[in-house]
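Contents: one structure, followed by commentary.
The values are calculated or read from the model by the stated rules, or taken from the named source; none is laboratory data. Note that the structure is predicted; figures quoted are calculated from it, not measured. We place every Cβ from the backbone using ideal geometry, glycine too, and count neighbours over all the protein chains shown.
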Amino acid sequence: MRSRVKVGIIGSRFQGDVHAASFAMTPDAAEVVAVASPTKARAEALAARYGIPRVFTDYRRMLAEDDIELVTIAAPNHLHCQMTIDAAEAGKHVVCEKPLCMNLEEADRMLAATARKGVLLMYAEELFFTPKYVKAKEMAAEGAFGKVYLVKQCEKHFGPHAPWFWDVSRSGGGVFMDMGCHGIAFCSWFFDRAPIKSVYCHMATHVHADKTDGEDDSLCILEFANGGVGLVENSWARRGGMEDRIEIYGEGGVSYADLHMGNALPTYSEYGYGYAVEKAPTTKGWTYPVFEELWNYGFPQEMRHFARCVRGLEQPRATGEDGRLVMEVLCAGYRSAATGAKVALPFKPPAVARPIDLWKPSAGAKH
Ligand SMILES: NC(=O)c1ccc[n+]([C@@H]2O[C@H](COP(=O)([O-])OP(=O)(O)OC[C@H]3O[C@@H](n4cnc5c(N)ncnc54)[C@H](O)[C@@H]3O)[C@@H](O)[C@H]2O)c1
């Protein structure tokens with residue numbers, strides 16, 4: 001029997017917990033042996049929850065551990081590039097959370113560093129593993145819809161949980177950067193990575209201008225070279241909890257998938273209860289608690305796949321190149337929002353620290 005891949009997780013809060021839980025659900029492929037995060041108490045609590053033996057407050061110390069083969073990065077966006085380069089330099093394979101980094105120069109440095117050291121750079125886009133969405137893609141491949149002309153992905157809630165998301169100098173932008181990255185990757189994947197010809201984007205800050213200079217609502221249209229269109233809708237202004245949906249339209253058929261509602265128990269409670277679903281504002285009144293939440297998203301399947309890639313048993317289905325393409329589209333989208341015009345790809349933006357600079361160069365000054 002092959003040995004399990006030894007994993008170190010960077011970050012101990014929201015997504016760090018998802019990574020740890022996901023590996024724990026697929027113990028045949030990997031075991032988490034360490035977690036690193038500057039918040040010692042949180043890192044220790046995560047380690048205790050999942051039986052992780054080693055805790056570090058400096059991720060570089062964790063990278064010095066010889067037995068660790070794979071590092072997953074679940075830290076704020078502005079840290080992804082340096083962490084990836086440091087992990088590659090230490091000879092570790094990398095799974096980096098979305099969005100890949102802050103700009104195209106960083107993406108290129110991450111790709112170069114991992115290629116130079118001969119380690120994998122895998123991009124944590126779980127929608128490539130979401131069972132309902134995988135089913136839709138399989139049906140498309142079987143010809144269920146004939147020629148697909150429109151792929152829509154929509155992800156909305158009332159705003160993220162941690163302060164750094166609202167600070168564009170650490171996040172790189174607002175909801176388009178944070179969640180549009182999922183929809184862009186999804187449409188590209190669904191169209192078998194057909195080249196993208198152009199990007200059009202509208203964005204605005206409707207309700208959270210007191211908290212952020214980033215956009216809290218965005219609409220993005222992608223034109224693919226195969227004639228297909230991608231429509232990516234995102235919001236941090238949407239009340240009522242989390243929404244994650246796709247719609248697939250072809251000349252011969254149509255399919256809709258709602259990630260949460262189809263996996264929920266329509267429930268009324270006068271008194272409330274423990275947990276309904278990510279970002280649900282309440283558990284009183286009518287609510288839609290989900291079951292097997294992580295599995296329905298595809299996180300355990302994703303992490304198992306990445307571990308198997310490290311063993312050479314599978315080829316990465318979500319790569320650093322996917323993350324770079326998403327970054328290029330994000331940059332084109334912010335530019336389009338500034339000019340009101342479509343932006344053609346390939347797009348070589350001027351060197352910017354953050355994609356949002358292409359829309360609002362002074363963003364972040366007052367927050
Ligand atoms: N794939 C998804 O659906 C999904 C969902 C949520 C978040 N994410 C991504 O995961 C990443 C983390 O987001 P989150 O929601 O977990 O944020 P979070 O604020 O909940 O957690 C961030 C973690 O990073 C740690 N951290 C900060 N500075 C660090 C440093 N210098 N070294 C090591 N650790 C450090 C913090 O201590 C914290 O544990 C982001 O890139 C985000 O976009 C992805």
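Annotations for the structure displayed:
- Residues satisfying the stated conditions in the range 293-318, i.e. acidic (Asp, Glu) and under 19 Å from the mean Cα position of the chain (by Cα): 293, 302
So that you can scan it fast, the table gives a plain yes or no per residue for (1) within 12 Å of the ligand (Cβ to nearest atom); (2) surrounded by fewer than 18 Cβ atoms within 10 Å (Cβ to Cβ); (3) assigned to a helix (DSSP H, G or I); (4) polar (S, T, N, Q):
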| residue | (1), (2), (3), (4) |
| --- | --- |
| 8 | yes, no, no, no |
| 15 | yes, no, yes, yes |
| 20 | yes, no, yes, no |
| 28 | no, yes, no, no |
| 35 | yes, no, no, no |
| 38 | yes, yes, no, no |
| 42 | yes, yes, yes, no |
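- Residue 71 meets each of the listed conditions (1) assigned to a helix (DSSP H, G or I); (2) in contact with a helix residue (DSSP H, G or I) (Cβ under 9 Å, 6 or more places away or on another chain); (3) within 12 Å of the ligand (Cβ to nearest atom) apart from (1).
- Every condition in (1) without any contact (Cβ under 8 Å) to a residue 24 or more places away in the chain; (2) outside the structural domain of residue 173 (by TED's automatic domain parsing); (3) more than 20 Å from residue 124 (Cβ to Cβ) holds for residue 314 except the one numbered (3).
- Screening residue 365 against (1) of a type in the set (Gly, Ala, Ser); (2) part of a loop (DSSP other than H, G, I, E, B); (3) surrounded by 16 or more Cβ atoms within 10 Å (Cβ to Cβ); (4) at negative phi leaves a single unmet condition, (3).
- Qualifying residue in the range 141-156 (condition: among the aromatic types (Phe, Trp, Tyr) and part of a strand (DSSP E or B)): yes
- Flag for residue 155 being acidic (Asp, Glu), more than 10 Å from the ligand (Cβ to nearest atom) and touching a residue at least 12 places away in the same chain (Cβ under 8 Å): no
- The residues in the range 93-105 that are surrounded by 24 or more Cβ atoms within 10 Å (Cβ to Cβ) and either in a helix (DSSP H, G or I) or more than 13 Å from the chain's Cα centre (by Cα) (or both) can be counted, and the count is 3.
- Qualifying residue in the range 82-91 (condition: within 20 Å of the chain's Cα centre (by Cα), without any contact (Cβ under 8 Å) to a residue 24 or more places away in the chain and either assigned to a loop (DSSP other than H, G, I, E, B) or surrounded by fewer than 24 Cβ atoms within 10 Å (Cβ to Cβ) (or both)): yes
- Scanning the range 238-266 for residues that are among the hydrophobic types (A, V, I, L, M, F, W, C) and crowded, with 17+ Cβ neighbours inside 10 Å gives 242, 246, 248, 257, 259, 264.
- You will find that of 326, 277, the residue that is surrounded by 15 or more Cβ atoms within 10 Å (Cβ to Cβ), touching a Pro at 6+ places or on another chain (Cβ under 9 Å) and in a loop (DSSP other than H, G, I, E, B) is 277 and no other.
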